[in-house]
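To start, the structure itself, in structure tokens.
Every number here is computed from the coordinates shown, using simple stated rules; none is lab data. On a predicted model such as this, the values are computed, not experimentally measured, just so you know. Here the Cβ positions follow ideal geometry from the backbone for every residue, glycine too, while neighbour counts run over all protein chains shown.
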Amino acid sequence: MRARRLDIQHRDPQIPTVVQRQRDQAKQRFAFSGWLYRQRNLVERFFNRIKHFRGIVTRYDKCPENYLAAVKLVCTRIWCAAL
């Protein structure tokens, strides 16, 4: 690795490099919203709780209306348990 760095430092400046370093892009910070992170975490934890119910995960009900009713029942059960 060290020899490679020396090779890059002593090369001809007239020849353009194939891969440009992206130091400026690496230093840029991404936008972070604490509120959005908390909301996303709540949704992920909720889906994790739903996955504990085998009928929902394997989707025994093939009819969309029945499946939605089962999901609503599970959501109600989780909500009541949290009270």
Ala31 to Phe46: extension gain in nm, 0.36 nm per residue of separation minus the Cα-Cα distance?
-> 2.9 nm
Could you go through the stretch 42-56 in sequence order and give the Karplus-derived ³J(HN,Hα) for each residue, using 6.51 cos²θ - 1.76 cosθ + 1.60 with θ = phi - 60°, rounded to whole Hz, and x for Gly and Pro?
-> 4, 5, 5, 5, 5, 5, 5, 5, 5, 5, 6, 9, 4, x, 7
Under the Debye formula (equal points on every Cα, no solvent term), log10 I(q)/I(0) of the stretch 33-83 at q = 0.19 Å⁻¹ | -0.69
With only Lys, Arg, Asp and Glu charged, each at its Cβ (+1 for the first two, -1 for the last two), find how big the charge dipole of the stretch 33-83 is about the Cα centre; round to the nearest 20 debye.
-> 140
